[in-house]
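The next block holds one structure in the form of structure tokens; read it before the comments.
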Amino acid sequence: YRTTAKVVGTLYILGFAVGIAGSVLGTPGQLDTVSAKSLMIAIGALLWVIAAAGDAAHGVMMFPILKQENERIALGYLSARLVEAAIIAVSALFILLQIPLGAQFASTSETAYLQSLSALFTQSHEYTYQIGMVALGMAGLTLCYGFYRTKLVPQFFVIWGVIGYLSFLGGSMLEILGFNLQLLHTLAGGLWEMSIGVWLIAKGFNSTVIAPDSAA
């Protein structure tokens, strides 16, 4: 699974970079400025969808490896990743919906209703994103448990990952409840994903624990 390790590691790093770019470009801001930057907003939303597809690919790529140890762990991780990807895609849709609102805002004097609708879509985006991060936290904890069982990566990555994804999970729940954490709860998990990505590209999985007839 050397090739799989490289692909998964690359997906972690690219997902991190694409997610940041999508967050920067896909922030509509005030409705009266949306029309002027509609292309950038659309690109940002598309990057969110690409990042979501990468998240789903994580579950697919890791499934045959985790299945060697426990099929339930493999299915749990795959399912959580697919759920997360679907929710993030819905979150991107709420960004895209700002574009027709911005166009309508620029061509009519009836703006109060459009501004209220824009605020609703913005809040819906925030909620769906945080729900997606809850799913990510659950997926990450499942993966870390799988790593603990399989010994595919050094155990300090398991401990770090558990801390990072618990922070994702708890912090996103607090965000949904109205607490503004300024993304502080994402730091440990984000740095873990970058670090494990580099490790998997450079070192791969621990080959001594992979069944010889399943290596690829």
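The values are calculated or read from the model by the stated rules, or taken from the named source; none is laboratory data. Everything numeric in this text was worked out from a predicted model, so none of it was measured. Each accessible area value is taken on the protein alone, full model and side chains, heavy atoms only, with ligands, DNA and RNA left out. Shrake-Rupley method; radii C 1.70, N 1.55, O 1.52, S 1.80 Å.
Details
- Rg/Rh for the stretch 29-176, where both radii come from Cα atoms and Rh is the Kirkwood radius: 1.12
- D_trans [Stokes-Einstein, Kirkwood Rh over alpha-carbon pairs] for the stretch 120-177, 4 °C, 1.567 mPa s, µm² s⁻¹: 108
- Lysine-lysine proximity count for the chain, Cα under 20 Å, sequence distance 8 or more or distinct chains: 5
- Within the accessible area of the stretch 1-133 (1.4 Å probe), percent carbon and sulfur: 68
- For the stretch 13-62: Kirkwood Rh in Å [reciprocal of mean 1/r, alpha carbons]: 11.4
- Considering helices alone, the calculated mean residue ellipticity of the chain at 222 nm is -27000 deg cm²/dmol, with DSSP H runs of length four and up weighted by -39500 (n - 2.57) and normalised per residue.
- The residues of the chain expose, per residue, 50 Å² of accessible area to a 1.4 Å probe.
- Relative contact order (%) - criterion: Cα under 8 Å, at least six apart; region: the stretch 151-194: 49
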